[in-house]
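Below: one structure, written as structure tokens.
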Amino acid sequence: MVIEVGSVVEGVVSRITNFGAFVDIEGGKNGLIHISEISDVYVRDVHDFLAEGDKIQAKVINIDERGKIALSIKQAKTKPQNSEEESLQPKNKFSRNDRINRNEDRKPANKPLPASFEDKLSKFMKESDEKLADWKRKTDSKRGGRGSRRSD
């Protein structure tokens, strides 16, 4: 089979890296599926979507002058004809409330909530005033006290 840009090929995942997956294609050739071309959703780890030995179908998106073949699984999938309906669907399978609830599950029960800006500011002002008063006390004692002068 002749491999050309735009054709859909079948292959077997031979190796997975941080940036994508290498695929053995018919004819003894290798291609790379970049992590951005694996799925329509965000791919944090390639292992979540692919495993070594998986048979996949991918579209050839580029062949460079050195013969390197760039593949895409997400472009090989056929798009539904009702693209308007799909565009109305959320891109993520979890809503914002689900993320908040999952994050709350990870927090220890006895951990206090983070302080508000006003609380942090008042704490800073109090500490600053204490440090300034302490500094004044130390420097005044070296000068001989609260502005008093020695009488000679």
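Rounded to the nearest whole angstrom, the semi-axes of the ellipsoid equivalent to region 8-72, taken from the Cα gyration tensor as √(5λ), stand at 18, 13, 10, largest first. Between K136 and K123, the contour length at 0.36 nm per residue exceeds the Cα-Cα span by 2.7 nm. With R₀ fixed at 30 Å, the C-beta to C-beta distance from I3 to H47 puts the FRET efficiency at about 0.70.
A short reminder: the numbers here are calculations on the coordinates, not readings from a lab. Here the structure is a predicted model, which means the values were calculated and not measured. Heads up, the Cβs are rebuilt from the backbone with ideal geometry, glycines too, and the neighbour counts pull from every protein chain shown.
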